[in-house]
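In what follows, a structure is listed as structure tokens, so that the remarks can point back to it.
Read-outs: derived from the displayed coordinates by stated rules, not from any lab. Please read these numbers as outputs of a predicted model, since none were measured by experiment. Here Cβ is always computed from backbone atoms with ideal geometry, including for glycine, and neighbour counts include all displayed protein chains.
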Amino acid sequence: MIILGVDPGTLVTGFGVIDAERGTHRVLAVDVIKNAGEQTMPLRLQHIYNRLCDVIEQFHPDEFAIETAFYGKNAQSALKLGHARGVAILAAVNSQIPTTEYSPREVKKSVTGNGAASKGQVQFMVKSQLHLHEVPTLYDATDALAVALCHSYKFHSGKFASIDRKKTSGKTRKNWSTFIQQHPERIVRSK
């Protein structure tokens, strides 16, 4: 399953494409779409849309995952972020790709185990889980990979949740050994 993850922004939009197959993940592409601050908003949005359409055409993702807007103190920033999210979602929907949204807290928790993790912690875990030799310099790119990983983990855990419940006869145990058994792909081994 090929997943396109997007961390939207009007100046910098991160995207990451991963191939998630049987608990393993491979990065197919990771980059950012940069816009100049002097550009008008319509031109920025057009650039984001066109670049994401190019990525979709190149990799033919099966799933599209995007980070939802967080509610900050600045309404104008939230509105601009909503525009970037809108054109990104439109690129996916126009290509008939199933689209899922995740909150920043949900993405952080799925990748690091902590919903309040810093961007540096997310970057470290993304590097570890995807076995990257080099990590992208901008957090927007690693955040996009984190969104794609989050979707992969949610997709696979949802797919096998009914089997796990049958094994435990309705009892769900929340401990590390159960988590490790259910998610072997998330184990980071030291070299």
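Rounded to the nearest 0.05, what FRET efficiency is calculated for L90 and M1 with R0 set to 30 Å and r the Cβ-Cβ distance? Provide the component values of the computation, followed by the final result.
Working: r = 22 Å, r/R0 = 0.74.
Efficiency at R0 = 30 Å is approximately 0.85.
Taking the Cβ-Cβ separation of A78 and R22 as r and a Förster radius of 45 Å, what is the calculated FRET efficiency to the nearest 0.05?
Numbers: r = 39 Å, r/R0 = 0.86.
Result of the calculation: an efficiency of 0.70.
Which whole-Hz ³J(HN,Hα) couplings does the range 140-154 yield from phi under the Karplus relation 6.51 cos²θ - 1.76 cosθ + 1.60, θ = phi - 60°, glycine and proline marked x?
3J(HN,Hα) across the range 140-154, in whole Hz: 4, 6, 5, 5, 5, 5, 5, 5, 5, 4, 4, 5, 4, 5, 5.
Among the chymotrypsin sites (Phe, Trp or Tyr not before Pro) in the range 70-127, which ones are in a DSSP loop with at most 14 other Cβ atoms within 10 Å of the Cβ? Mind listing them?
In loop regions of the range 70-127 (DSSP not H, G, I, E or B), the sparsely surrounded chymotrypsin sites (Phe, Trp or Tyr not before Pro) are F70, Y71.
In Å and whole numbers, how far do the C-alpha atoms of the range 2-160 stretch along each principal axis, longest first?
Principal-axis extents of the range 2-160 (Cα, largest first): 43, 34, 30 Å.
Could you estimate the translational diffusion coefficient of the range 47-128 from the Stokes-Einstein equation, with Rh from the Kirkwood formula over C-alpha pairs, at 4 °C and 1.567 mPa s, in whole µm²/s?
92 µm²/s
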